1. Are any residues in the range 132-156 more than 20 Å from the chain's Cα centre (by Cα) and part of a loop (DSSP other than H, G, I, E, B), and if so, which ones?
2. Select from the range 1-26 the residues that are without any contact (Cβ under 8 Å) to a residue 40 or more places away in the chain, in contact with a strand residue (DSSP E or B) (Cβ under 8 Å, 6 or more places away or on another chain) and not in a helix (DSSP H, G or I) and list them in ascending order.
3. Scanning for something more than 28 Å from residue 47 (Cα to Cα), surrounded by 13 or more Cβ atoms within 10 Å (Cβ to Cβ) and modelled with pLDDT of 95 or more, does the range 94-101 turn up at least one residue?
4. Within the range 28-71, which residues are at negative phi, in a loop (DSSP other than H, G, I, E, B) and surrounded by fewer than 14 Cβ atoms within 10 Å (Cβ to Cβ)?
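The values are calculated or read from the model by the stated rules, or taken from the named source; none is laboratory data. None of these values were measured; they are calculated from a predicted model. Neighbour counts are summed over all protein chains in view; Cβ atoms, including those assigned to glycine, are modelled from backbone coordinates with ideal geometry.
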């Protein structure tokens with residue numbers, strides 16, 4: 001059904017940008033994708049590129065540099081923090097180097113549909129084949145299904161695989177069960 005929907009939208013002049021987003025060919029997101037400038041953040045796809053995101057209100061999420069936080073999700077917790085002169089941050093995460101590498105890989109997959117291994121190795125000072133050996137091994141099943149092409153130099157998402165970007169990207173997402181807790185200990189005062 002998904003492929004039929006995508007074909008129908010394509011025939012009507014829409015381009016599949018990624019995940020569940022389709023835009024007209026002249027849309028700024030289509031241009032950003034063509035120019036390699038497409039970005040995905042907590043709010044979805046954007047042509048603005050990487051920037052800090054400050055969430056305001058209950059349950060909102062912020063990402064500033066390598067810090068990610070979530071505000072209290074209930075009115076009582078949110079307003080109690082504000083009344084006490086604190087930011088209403090309920091929990092947070094300071095991204096470790098591995099988190100940043102994986103976020104970059106997922107970003108490239110969701111926006112470009114490809115990973116250039118040499119580019120990743122230069123940017124993060126890693127050997128991709130070694131660092132992501134387990135992930136690439138698991139992705140070989142998807143290669144057999146025609147969703148990705150893996151060579152010693154790159155991983156390329158096929159046209160069929162573009163409809164399954166989330167499944168492909170999940171291979172690079174570290175399991176929360178494996179990560180040590182790195183919570184924000186206390187929210188800063190106002």
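1. Taking the range 132-156 as the starting set, the residues that turn out to be more than 20 Å from the chain's Cα centre (by Cα) are 133, 137, 140-141, 143-146, 149-153.
Those that are more than 20 Å from the chain's Cα centre (by Cα) and part of a loop (DSSP other than H, G, I, E, B): 145, 146, 151, 152, 153.
2. 13, 14, 15, 17, 21, 22, 23, 24, 25
3. No: zero hits.
4. Within the range 28-71, the subset at negative phi is 28-35, 37-43, 45-48, 50-56, 58, 60-64, 66-71.
Checking the rest, the ones that are also in a loop (DSSP other than H, G, I, E, B) come to 35, 37-38, 42-43, 47-48, 50-52, 54-56, 58, 60, 66.
Result: 35, 42, 43, 48, 50, 51, 52, 54, 56, 66.
Here is a yes/no grid of residues against (1) free of Cβ contacts under 8 Å to residues at least 60 places away in the same chain; (2) outside the structural domain of residue 20 (by TED's automatic domain parsing); (3) within 22 Å of residue 33 (Cβ to Cβ); (4) crowded, with 16+ Cβ neighbours inside 10 Å:
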| residue | (1), (2), (3), (4) |
| --- | --- |
| 110 | no, yes, yes, yes |
| 115 | yes, yes, yes, yes |
| 122 | yes, yes, no, no |
| 126 | yes, yes, no, yes |
| 133 | yes, yes, no, no |
| 144 | yes, yes, no, no |
| 147 | yes, yes, yes, yes |
| 151 | yes, yes, no, no |
| 157 | yes, yes, yes, yes |
